[in-house]
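K.L.:
Once you've had a glance at the structure underneath, I'll fire off some questions.
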Amino acid sequence: MPAMETRERALGDRLAQFGVNRRTFLKYCATLTAVLALPARFTERVARALESVEKPSIIWLEFQDCAGDTESFLRSRNPGVGDLILDLLSVDYHETIMAAAGFQAEAAKEATIAKGGYIVVVEGSVPMGDGGVYCTIGGKTAIQILEEAAVGAAAIINVGTCSAYGGLPKAAPNPTRAVGVASVVSGVPIINLPGCPANADNITATLVHYLTFGSLPATDSKGRPLFAYGTRIHDACERRAHFDAGQFVLEWGDAGHKRGWCLYKMGCKGPSTFHNCPIIRWNEATSWPVGSGHGCVGCSEPDFWDTMTDFYVRLPKVTGFGAEATADKIGLGIAAATAVGFGAHGIAKAIQRRAGLGSEGPAPGSMEDDTDGSE
Amino acid sequence: MKTKEARVREVLQDPTVERTPGIVTIRVWELPVRVLHWTVVAAVLVLAGTGYYIGNPYILVGSEPGFVMGLIRSIHLASAWVFSVAIICRIIWSFIGNRWSRWDQLVPVHRERRVWLWKTLGYYLFLRKEPPPAAGHNPLAGVTYLVVFVMFVVQIITGLALAALANPQGVLWSTTGWVFSLFAIQTVRLVHHLIMWLTIGFVIHHVYSAVLVDIEEKSGLVSSIFTGYKRLPIDRL
């Protein structure tokens, strides 16, 4: 009986079996509701949806990636319930974790695509250069694989900066012409969960939102869910008070660093990065980069890497002046060159006036009556 | 006690007072132009000073509680609004002000001004001895100010957009957030920072050129931005 099968797979019936009591489950649902920035009363709805939801199929595609987002996802917080939610999802195709290989694996994917209504999770950028030859799996280019999978997909979730915006492979000079997924396919709801890697809690919460409401969460103009990317790191940072006070770390390991002062002068990109890292944190919510004493590198922003390097200075370097230079060096150069240039010009003008190059007679303000006016 | 008229008459009749024929004293810069000019000067000084600190906080604060960056950012934002309003007012004034404050003094739409543009460049390159005849801005200065105005508008937009980052649900964000659809946040920051340096370069040039031309044409150019009046040969109007 299909209904019975669904019930068997549903999370609610398996909680006890896995040693998770109802209290723990509801606590987890409350956490996810909070991550999604939903009012607390939605906890019950999330719990009911998770208990009774039918097993959705997921195709997890990896292109130009490092499997870092997979690693991150497999380490979801609260393993007891988090793992169950992963179990709940039917991950029909995932190169890193699936048992099947070769033709068998591709057949599993094709069967899911034939069914339709699945979620595609993409990790890694898509190389467009030279017909897509830089990333091929089973004889197909990443472009082909993505286009085929997108046709019957209910939604595409981009995990990590690479699939969202191109990420590291897109960094200059971008030899493979890497792009994000949204530049390749359209007509399917696409959501971006950038980050290097994407945060497991944000991935889980996005999936739970989809399972609970049947739709993807609201996004900003860059396709990122507002619940996770609606606030700048700088504005939710635990070191923000030190920024406003003017207390900065000047050197790694100095007194300010030991006191947990602001990392702004160490090149922290928190002021340029939208992410909820300070709030939900990493490694089972134990810490996050700035919490552990290193500045944010802005890994989840579009055009990471190019606009976020150097990591340890505030502003990107300026190229095209022969060599790379900092904005302040160029600026001081502009100011100094102007001063020196016009200083020299002034001297030259004074010499020109004294030399009396003119032959057309005294003009208004000519040199004769002005020898004492040069001071 | 003599009346003012009597004193003026006395001065005019004094044979030792120089009265050059063909020279007129004329009010070139109207009051709003002068007020806006000095508002922008004050705002630029404050903005560059506070902005440099924001980019590179050099004031070292000890462990006692304080609000140095917070205060400097508040001053920067407040003067940014003053600056923005002054620039907008000046742009509006360029459509309603007198002939020397109008937009066509900056944008070289007239052929005659385009010709004088090159001659003015020649003056700066020592090819011509005399400064260009201009009661208001000379054509080269006008084009320079056009570039400066573009720089200022870019500076205002990038600055307000960066300020809006703190609240992506706010009104400021809905007006300036489009900037970040075109450019990365760090790129916007860099542009905002470089325009500060370009502005400092412009200020050096601006003061130098004003003094130079003042000395050469004896028109009271430097004092004209305080009083509004220039002393010019009648054929240069």
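The values are calculated or read from the model by the stated rules, or taken from the named source; none is laboratory data. Note that the structure is predicted; figures quoted are calculated from it, not measured. Cβ atoms come from the backbone with ideal geometry, glycine included; neighbour counts cover every protein chain shown. What goes into the accessible areas is simple: the full protein's heavy atoms, side chains included, and nothing from ligands, DNA or RNA. Shrake-Rupley method; radii C 1.70, N 1.55, O 1.52, S 1.80 Å.
K.L.:
Given the C-alpha centroids of segment A:333-351 and segment A:186-229, what is the distance between them in whole angstrom?
P.N.:
With segment A:333-351 and segment A:186-229 each reduced to a Cα centre, they are spaced 57 Å.
K.L.:
Quick check for me: using +1 on Lys/Arg Cβ and -1 on Asp/Glu Cβ, what's the dipole size of segment A:183-305 about its Cα centre, in debye to the nearest 20?
P.N.:
Computed about the Cα centre, the dipole is about 120 debye.
K.L.:
Still on this structure: Okay, helix-only estimate at 222 nm for the protein assembly as shown: each DSSP H run of n ≥ 4 adds -39500 (n - 2.57), divide by all residues, round to 500 deg cm²/dmol; what do you get?
P.N.:
Result for the protein assembly as shown, helices only: -15500 deg cm²/dmol.
K.L.:
Shifting gears a bit: Quick one: which residues, 5+ away or cross-chain, put their amide H under 5 Å from the amide H of A:VAL179? H built at 1.01 Å from N.
P.N.:
So A:VAL179 has HN proximity to A:VAL126, A:MET128.
K.L.:
Here's something else I'd like to know. Relative to the longest principal Cα axis of chain A, at what angle does helix A:42-52 sit, 0 to 90 degrees, rounded to 10?
P.N.:
The angle comes out at about 50 degrees.
K.L.:
While we're looking at this one, here's another question. Taking +1 at the Cβ of each Lys and Arg and -1 at the Cβ of each Asp and Glu, which of B:LEU106, B:PRO32, B:LEU45 sits farthest along the dipole of segment B:26-185 towards its positive end, judged by Cα position relative to the Cα centre?
P.N.:
Of B:LEU106, B:PRO32, B:LEU45, it is B:LEU106.
K.L.:
Classify segment A:81-187: rounded, prolate or oblate, from the alpha-carbon gyration tensor (a ≥ b ≥ c, eigenvalue square roots; a/c under 1.5 rounded; otherwise prolate if a/b is larger than b/c)?
P.N.:
Prolate, since a/c reaches 1.5 and a/b exceeds b/c.
K.L.:
What's the ranking of B:91-101, B:140-150 by average number of surrounding C-beta atoms within 10 Å, highest first?
P.N.:
B:140-150, B:91-101
K.L.:
Specify which residue in the list A:TYR134, A:THR31, A:HIS94 is farthest towards the positive end of the charge dipole of chain A, using unit charges on the beta carbon of Lys, Arg (+1) and Asp, Glu (-1), about the Cα centre.
P.N.:
Working it through, the farthest residue towards the positive pole turns out to be A:THR31.
K.L.:
Further question on the same structure: With a ≥ b ≥ c taken as the square roots of the eigenvalues of the C-alpha gyration tensor of segment A:141-253, please select rounded if a/c is under 1.5 and otherwise prolate if a/b is larger than b/c or oblate if it is not?
P.N.:
oblate
K.L.:
Membrane-span-like helices in chain B: DSSP H runs reaching 27 Å or more (Cα, own axis), mean Kyte hydropathy at least 0.5?
P.N.:
Correct list, ordered by number: B:31-55, B:68-96, B:139-164, B:185-217.
K.L.:
Using a 1.4 angstrom probe on the protein heavy atoms only, line up A:THR33, A:THR219 by accessible area, largest first.
P.N.:
Ranking A:THR33, A:THR219 by accessible area, largest first, yields A:THR219, A:THR33.
K.L.:
Using only the Cα atoms of the protein assembly as shown, each taken as one equal point scatterer with no solvent, compute I(q) by the Debye sum, divide by I(0), and report log10 of the ratio at q = 0.05, 0.06 Å⁻¹.
P.N.:
-0.36, -0.48
K.L.:
Please list, ordered by chain and number, the residues whose modelled amide H lies under 5 Å from the amide H of A:SER287; skip anything fewer than 5 residues away on the same chain.
P.N.:
Under 5 Å from the amide H of A:SER287 lie the amide H atoms of A:TRP282, each far enough along the sequence or on another chain.
K.L.:
Under the rule of at least 5 residues apart or a separate chain, name every residue whose amide H is placed under 5 Å from the amide H of A:VAL91.
P.N.:
For A:VAL91, whose amide H was placed from the backbone, the distant partners under 5 Å are A:ILE58.
K.L.:
Averaged over B:126-135, how many beta carbons belonging to a partner chain fall within 10 Å of each residue's beta carbon?
P.N.:
Per residue, the average neighbour count from other chains is 3.
K.L.:
Using a/c under 1.5 as the rounded threshold, could you call segment A:208-341 rounded, prolate or oblate? The axes a ≥ b ≥ c are square roots of the C-alpha gyration tensor eigenvalues, and prolate needs a/b larger than b/c, oblate otherwise.
P.N.:
Since a/c reaches 1.5 but b/c is at least a/b, the shape of segment A:208-341 is classed as oblate.
K.L.:
So how much slack lies between B:HIS110 and B:VAL41, counting 0.36 nm per residue of separation and subtracting their Cα-Cα distance, in nm?
P.N.:
Value of the extension gain: 21.9 nm.
K.L.:
Now for a different question. Find how many whole Å separate the alpha carbon centroid of segment A:102-123 from the alpha carbon centroid of segment B:26-57.
P.N.:
One Cα centre to the other: 63 Å.
K.L.:
Kirkwood Rh over alpha-carbon pairs of chain B, then Stokes-Einstein at 25 °C and 0.890 mPa s: what D in µm² s⁻¹, rounded to an integer?
P.N.:
The estimated diffusion coefficient comes to 118 µm²/s.
K.L.:
I've got another one for you. With a point put 7 Å past each Cα toward its Cβ, work out how far A:GLU148 is from B:GLU64 in nm, to one decimal.
P.N.:
That separation, rounded to one decimal, is 7.1 nm.
K.L.:
With each pseudo-label sitting 7 Å past Cα toward Cβ, what's the A:LYS258-A:LYS55 distance in nm, one decimal?
P.N.:
Going by the 7 Å Cα→Cβ label model, 5.7 nm.
K.L.:
Another one. If you place +1 on the Cβ of every Lys and Arg and -1 on the Cβ of every Asp and Glu, how big does the dipole about the Cα centre of segment A:53-194 come out, in debye to the nearest 20?
P.N.:
Charge dipole of segment A:53-194: 240 debye, to the nearest 20.
K.L.:
Please list, in order along segment A:304-314, the HN-Hα scalar couplings obtained from phi with the Karplus expression 6.51 cos²θ - 1.76 cosθ + 1.60 (θ = phi - 60°), rounded to whole Hz, x for Gly and Pro.
P.N.:
For segment A:304-314, the Karplus-derived couplings read 5, 9, 4, 8, 9, 8, 5, 5, 9, 10, 5 Hz, x marking Gly and Pro.
K.L.:
Just to check I understand the Karplus step: with θ = phi - 60° and J = 6.51 cos²θ - 1.76 cosθ + 1.60, what whole-Hz values come out for segment A:325-338, glycine and proline as x?
P.N.:
Once θ is set to phi - 60°, the couplings for segment A:325-338 become 9, 7, 4, 5, 5, 5, x, 4, x, 4, 5, 5, 4, 4 Hz.
K.L.:
Only Lys, Arg, Asp and Glu count, each charged at its Cβ (+1, +1, -1, -1), so figure out the dipole size of the protein assembly as shown about its Cα centre, rounded to 20 debye.
P.N.:
Dipole magnitude for the protein assembly as shown comes out near 1680 debye.
K.L.:
In peptide A:161-172, what is the residue-averaged number of other protein chain Cβ atoms found within 10 Å of each Cβ?
P.N.:
Shielding by partners across A:161-172 averages 0.
K.L.:
Work out the mean other chain Cβ neighbour count within 10 Å for the residues of A:240-249 and drop it here as an integer.
P.N.:
If you average over the peptide's residues, the count of other-chain Cβ atoms is 6.
K.L.:
Okay, moving on. Put +1 on the Cβ of every Lys and Arg and -1 on every Asp and Glu Cβ in segment B:79-154; which of B:SER94, B:LEU146, B:TYR124 then has its Cα farthest towards the positive end of the dipole?
P.N.:
B:TYR124
K.L.:
Quick one: compute the contact order of chain B, relative version, from alpha carbon pairs under 8 angstrom and 6+ residues apart, as a percent.
P.N.:
RCO, chain B: 26 percent.
K.L.:
Using alpha carbon centroids, what distance separates segment A:275-320 and segment B:120-190, in Å?
P.N.:
The distance from the Cα centre of segment A:275-320 to that of segment B:120-190 comes to 30 Å.
K.L.:
Rounding to the nearest 10 and keeping the result within 0 to 90°, find how far the Cα-based axis of helix A:102-115 lies from the longest principal axis of chain A.
P.N.:
80
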